[in-house]
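To start, the structure itself, in structure tokens.
Nothing in this text is a laboratory measurement; each read-out follows from the coordinates by a stated rule. Computed from a prediction, not measured in an experiment: that's the story for all the values here. In this analysis, Cβ positions are derived from the backbone assuming ideal geometry, glycine residues included, and neighbour counts consider all displayed protein chains.
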Amino acid sequence: MPSFDIVSQVNQQEVKNAVEQTNKEVSNRFDFKGSDARVEQAEMVLTVYADDEFKLGQVTDVLRGRLAKRGVDVRSLEVGAIEKISGDKVKRPITVKVGIAQEKAKQIQKMIKDSKMKVAASIQGDAVRVSGSKKDDLQAAIQMVRTSVTDIPVQFINFRD
């Protein structure tokens, strides 16, 4: 029975490269000379450090631009609240979301079921597996999900005949 998986993944190597490029650009920029502006990465949590909120916003913009250039969808970023550290210095955690949340997976499953297509959707951990008897039905389901789900980046993998 033909099937495919709907997932939300991020290439970790590209995230690491974007963080390195951001740090390099920030260290070379004139307006950041003498400041402690940088981005640190711990697994899928990026922490942006800066001297004040304005510079924090600038570093975050540079990071977003670098991520976009490297093919990482910025919709997968969840920006945290600004935290004050010693003196005027601030930091902001940015979480890179991987996988489809349970509520979103249920919404996708319900949307596929309500569409009256001849396909079945089931939740497999942080992915949604869609199976059907015909390839054309699966391709129609892919198109529907692509146009309907806009708040998270989705990929379609493991297409099997």
### Query
Any idea which of GLN9, GLN13, GLN41, GLN21 is in a strand (DSSP E or B) and polar (S, T, N, Q)?
GLN41
### Enumeration of residues in region 113-161 that are at positive phi and not small (Gly, Ala, Ser)
LYS116, ASN158
### Members of region 44-56 found to be touching a strand residue (DSSP E or B) at 6+ places or on another chain (Cβ under 8 Å), outside any loop (DSSP other than H, G, I, E, B) and not β-branched (Val, Ile, Thr), listed by number
LEU46, TYR49, ALA50, GLU53, LEU56
### Task
Tell me, please, whether a residue that is farther than 25 Å from ILE100 by Cα, surrounded by 14 or more Cβ atoms within 10 Å (Cβ to Cβ) and not acidic (Asp, Glu) can be found in region 69-82.
yes
### Query
Regarding VAL72, is this residue touching an Asp or Glu at 6+ places or on another chain (Cβ under 7 Å), assigned to a helix (DSSP H, G or I) and not small (Gly, Ala, Ser)?
no
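Within region 145-161, count every residue that is closer than 30 Å to LEU67 by Cα and surrounded by fewer than 16 Cβ atoms within 10 Å (Cβ to Cβ).
Keep residues of region 145-161 that are closer than 30 Å to LEU67 by Cα, which gives 145-159.
Retained after the next criterion (residues that are surrounded by fewer than 16 Cβ atoms within 10 Å (Cβ to Cβ)): 146-148, 150-152, 155, 157-159.
Looking only at that region, the number is 10.
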